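Undergrad: Before I ask anything, here is the structure I am working with.
The values are calculated or read from the model by the stated rules, or taken from the named source; none is laboratory data. Just so it is clear, the model here is predicted, and its values are computed rather than measured. All Cβ positions, even for glycine, are placed from backbone atoms using ideal geometry, and neighbour counts span all protein chains on display.
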Amino acid sequence: MKHLLLVGAGHAHLYVLKKLQRQALSGVRVTLLTPNDHQYYSGMLSGCVEGIYSIDQIRIYVGQMVERAGIQWIKDTAVSIDPDRKTVLTSQGESVLYDAVSFDIGSLTSGVELPGVLNYTETLKPNYRFPVLLEKVRSAENLVIVGGGVAGTELSLSLQTWRNKNGKKPLSLVSTTALMARGAPYVSQRVQNLLNHKGVKLYLYQRADQVMKDRIVLAPSNEEIPFDALLWVTGPRPPELFTKSSLSVDKGYLLVDKTLQAKHYPSVFGVGDCIKIAEEPPLAKAGVYPVRQAPFLWKNLKRFFKGKPKRRYQPHFSFLSILATGNREGLMLYLGCAFHGRLVWLIKTIMDRRFIWLYSHQTPANDLMSNQWLKRIGLTLVAILVVGFAYLFFTTTYHPVMSMMASLIFSSIFDFAFALLAIVLVVILVIVLFLERLSFQSSTRDQSETTTSCKRR
Ligand SMILES: Cc1cc2nc3c(=O)[nH]c(=O)nc-3n(C[C@H](O)[C@H](O)[C@H](O)COP(=O)(O)OP(=O)(O)OC[C@H]3O[C@@H](n4cnc5c(N)ncnc54)[C@H](O)[C@@H]3O)c2cc1C
């Protein structure tokens with residue numbers, strides 16, 4: 001029997017596990033190698049720090065997915081790979097042989113080589129440490145966040161909202177550049193205004209020069225900021241695993257072809273933050289990419305074991321991004337446009353909750369963009385067109401019996417259709433209000449419950 005080894009429980013591997021729940025790979029046994037019981041959904045971390053979601057609402061239980069997929073789980077971390085011998089070594093010294101291996105291990109946090117960072121700061125990666133981190137940042141009187149990218153900005157907005165509600169001092173945000181400098185300048189200005197409005201102390205165009213046990217020194221200003229907790233969110237760096245192997249890398253990231261297979265080693269697959277696609281500009285390190293790559297990975301793994309040609313993944317560089325900005329408001333960024341408000345938050349919360357729901361329940365791994373849904377939408381449109389044409393045909397006929405029958409049939413069809421439409425709209429409205437109410441309830445329960453659920457762990 002062949003062996004497929006999945007390393008890491010990132011977004012794309014969750015999809016593969018979901019698929020395996022419904023469709024086993026014949027003649028292939030599958031193993032997941034990952035150290036974490038839970039996979040935290042990064043899109044909901046900010047909502048959790050603000051107290052809108054509890055810890056359980058933002059994570060997927062990996063053990064349950066493994067059990068449902070009927071595969072083996074090695075609860076450990078991969079430390080090296082030998083692609084010639086087709087083995088992966090774990091931190092506990094186990095050597096795992098594979099016929100095909102797939103890496104979805106995310107990225108690490110950059111800048112940790114600065115003395116003091118590893119000892120005195122908190123990083124969000126790996127994100128299964130999130131509950132411990134949450135307690136530390138919540139209990140801190142003086143909180144500093146270093147990193148003004150999307151993650152640092154979003155967390156500052158959410159944490160400051162929580163601090164304002166709980167009578168805590170303003171937090172400090174340090175950034176070497178303007179905020180979210182990779183985006184348009186007006187977006188940067190917009191988030192800066194939002195942070196100012198919430199009371200965050202901004203230290204822009206400053207870098208952390210020295211990190212000590214209880215304070216940070218900035219350069220070039222030489223200012224010192226005392227802290228009880230320092231959150232280090234300075235952007236991604238590659239996992240160390242690939243550089244130590246004979247696999248091709250690009251700045252430490254696993255170099256893969258569009259089939260998501262490593263250069264010269266077709267039995268090694270890679271997805272998400274940990275890869276670089278050859279001959280393409282680097283993709284943003286965002287969860288949306290492993291989500292888009294997941295169906296290609298699944299198909300290509302199946303094709304690999306069947307010896308069939310692989311499908312090619314063509315990356316798209318634009319994607320919808322929604323940041324939580326606190327108080328159930330969101331900032332939507334798409335194709336250079338920005339929208340801000342409660343409606344944006346509502347869209348975000350529905351999408352995020354849907355992701356968690358999809359992977360926590362035994363449902364098909366289809367999403368709205370899958371073929372099955374497109375087929376359903378297509379069939380509905382065809383049905384509407386057929387009825388429309390039939391209506392036009394019969395109502396324009398001069399035959400008295402035909403036109404009488406047509407008015408009878410079609411008036412009732414259209415009455416029915418309008419009634420149905422009204423019911424559907426009411427149902428959608430009720431769902432939306434229910435979700436809002438749910439969010440509201442969890443928010444009023446929030447802080448104490450969230451903290452206790454962290455403590456329980
Ligand atoms: C605060 C914050 C907010 C964010 N918000 C968004 C957002 O709203 N939208 C968005 O698109 N992106 C967002 N991102 C970025 C997003 O989190 C990452 O791009 C995404 O999680 C990468 O997904 P992945 O599947 O590559 O890996 P990950 O989701 O990072 O998963 C990696 C998995 O591999 C495991 N693992 C790691 N190393 C090993 C190893 N050596 N051996 C075995 N297992 C290992 C980990 O434990 C984990 O289970 C955010 C990031 C942060 C920090």
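Undergrad: Restrict the check to segment 61-71 and report whether at least one residue is within 23 Å of the chain's Cα centre (by Cα), within 13 Å of the ligand (Cβ to nearest atom) and under 19 Å from S267 (Cα atoms).
TA: no
Undergrad: Here is a further query. Do any residues in segment 228-247 that are among the β-branched types (V, I, T) have Cβ atoms under 7 Å from those of residues that are more than 10 Å from the ligand (Cβ to nearest atom), where the two are at least six apart or on different chains, and which pairs are they?
TA: V233/I145; V233/V146; T234/S110; T234/G111; T234/V146; T243/V249; T243/G252
Undergrad: Further question on the same structure: Is it true that some residue in segment 25-33 is out of contact with any strand residue (DSSP E or B) (no Cβ under 7 Å at 6 or more places or on another chain) and closer than 30 Å to R163 by Cβ?
TA: no
Undergrad: For segment 257-274, enumerate the residues that are more than 21 Å from the chain's Cα centre (by Cα) and within 16 Å of the ligand (Cβ to nearest atom).
TA: A262, V268 - these are the residues of segment 257-274 that are more than 21 Å from the chain's Cα centre (by Cα) and within 16 Å of the ligand (Cβ to nearest atom).
Undergrad: Got at least one residue in segment 45-54 being assigned to a helix (DSSP H, G or I) and away from the ligand (no atom under 14 Å from the Cβ)?
TA: no
Undergrad: May I ask you to say which residue of T90, T121 is among the polar types (S, T, N, Q), more than 17 Å from W232 (Cβ to Cβ) and either in contact with an Asp or Glu (Cβ under 6 Å, 6 or more places away or on another chain) or buried (at least 19 other Cβ atoms within 10 Å of the Cβ) (or both)?
TA: T90
Matching residues to (1) touching a Pro at 6+ places or on another chain (Cβ under 6 Å); (2) in the same structural domain as G8 (by TED's automatic domain parsing):
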{"position": "S95", "(1), (2)": "no, yes"}
{"position": "N127", "(1), (2)": "no, no"}
{"position": "N142", "(1), (2)": "yes, no"}
{"position": "S172", "(1), (2)": "no, no"}
{"position": "A184", "(1), (2)": "no, no"}
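Undergrad: Restricting to segment 327-349, give me the number of residues that are within 14 Å of the ligand (Cβ to nearest atom) and either in a loop (DSSP other than H, G, I, E, B) or surrounded by 13 or more Cβ atoms within 10 Å (Cβ to Cβ) (or both).
TA: Matching residues across segment 327-349 total 9.
Undergrad: Go through segment 177-190 residue by residue and tally those that are under 21 Å from the mean Cα position of the chain (by Cα) and within 16 Å of G330 (Cα to Cα).
TA: Selection size over segment 177-190: 1.
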